[in-house]
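Undergrad: I'd like to ask you about the structure that follows.
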C-alpha cells in the first residue's frame, strides 16, 4: 500500500500535467481523431478505450493495441454529474484508478484503500499537470476518463512510473466545492 506521501506525489504530478495541457469536455479535448503518429499508426481517442463499471465502483480499463497513445491531454465524461462545475481554486474530492499505457497495468487506485483523494486548490494543486487541467469542469457524481501524455505526467519517470509513460486515469468526482 502506498503511503499518503507517495499518493500525494503521484497526484501532484498528475494535477500539474492537467493544468498545463488545457481542459475541456470530450468534444473539445479529444482532437486526435483521424490523426496518425510519426510511425504512421493511428492515434487513439478516448472512444478507443473501454471502461466498465459504474460511478463509485472500481473501474476496469481495457486499452487498445491497434493505435498509439495521444500526445495531448484527452478527457471524456463517461457518466454525467450534477451541480456546479469544478473551477480553478476549488476542491474536487476524487476516487481514481491509474493504468499505465505501455503495459496496461493498474498502478494505483483509491477504491481499494476506501479513501477518496482531495485535489485542492484545483489548477494549482500539488498533483501532476494533467489532473489540474483534466478535472476543471467536472461535476459531482461524474466519472471522467483522462489520458495524460508523459509531458503532463511524470515525464522521465518517478514514483513507480516508467520514463515517458502515458497515464490513463478514470476519476469519480465524489464531491466538488
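The values are calculated or read from the model by the stated rules, or taken from the named source; none is laboratory data. Nothing here was measured: the structure is a model prediction, and the numbers come from that model. Please note: Cβ atoms are built from the backbone with ideal geometry, for glycine as well, and neighbour counts cover all protein chains shown.
Undergrad: Would you mind telling me which numbered condition in (1) part of a strand (DSSP E or B); (2) over 14 Å from residue 175 (Cα atoms) residue 94 fails?
TA: Tallying (1) part of a strand (DSSP E or B); (2) over 14 Å from residue 175 (Cα atoms), residue 94 fails exactly one: (2).
Undergrad: Select from the stretch 64-91 the residues that are touching a strand residue (DSSP E or B) at 6+ places or on another chain (Cβ under 8 Å), exposed (fewer than 14 other Cβ atoms within 10 Å of the Cβ) and assigned to a loop (DSSP other than H, G, I, E, B) and list them in ascending order.
TA: Result: 66, 80.
Undergrad: Shifting gears a bit: Would you check which residues across the stretch 153-177 are closer than 20 Å to residue 91 by Cβ and surrounded by fewer than 16 Cβ atoms within 10 Å (Cβ to Cβ) and list them?
TA: Scanning the stretch 153-177 gives 175, 177.
Undergrad: Suppose the filter is in a loop (DSSP other than H, G, I, E, B), loosely packed, with under 15 Cβ neighbours inside 10 Å and in contact (Cβ under 8 Å) with a residue 24 or more places away in the chain; does residue 47 pass it?
TA: It is false that residue 47 is in a loop (DSSP other than H, G, I, E, B), loosely packed, with under 15 Cβ neighbours inside 10 Å and in contact (Cβ under 8 Å) with a residue 24 or more places away in the chain.
Undergrad: So if I check each of 61, 99, which one is crowded, with 20+ Cβ neighbours inside 10 Å and under 15 Å from the mean Cα position of the chain (by Cα)?
TA: Just one listed residue meets the conditions, 99.
Undergrad: Condition (residue is assigned to a strand (DSSP E or B) and at pLDDT below 95) applied to the stretch 148-170: is it met by at least one residue?
TA: Checked the stretch 148-170: at least one residue is assigned to a strand (DSSP E or B) and at pLDDT below 95.
Undergrad: Residue by residue through the stretch 63-72, note down the ones that are under 15 Å from residue 99 (Cα atoms) and either in contact with a helix residue (DSSP H, G or I) (Cβ under 7 Å, 6 or more places away or on another chain) or in contact (Cβ under 8 Å) with a residue 40 or more places away in the chain (or both).
TA: Result: 63, 64, 69, 70.
Undergrad: Here is a follow-up. Quick check: anything in the stretch 132-143 over 14 Å from the mean Cα position of the chain (by Cα) and modelled with pLDDT under 95?
TA: Checking the stretch 132-143: not a single residue is over 14 Å from the mean Cα position of the chain (by Cα) and modelled with pLDDT under 95.
Undergrad: Hey, could you check the stretch 108-144 for residues that are touching a residue at least 60 places away in the same chain (Cβ under 8 Å) and part of a strand (DSSP E or B) and say which is surrounded by the most Cβ atoms within 10 Å (Cβ to Cβ)?
TA: Per the stated criteria, the residue is 128.
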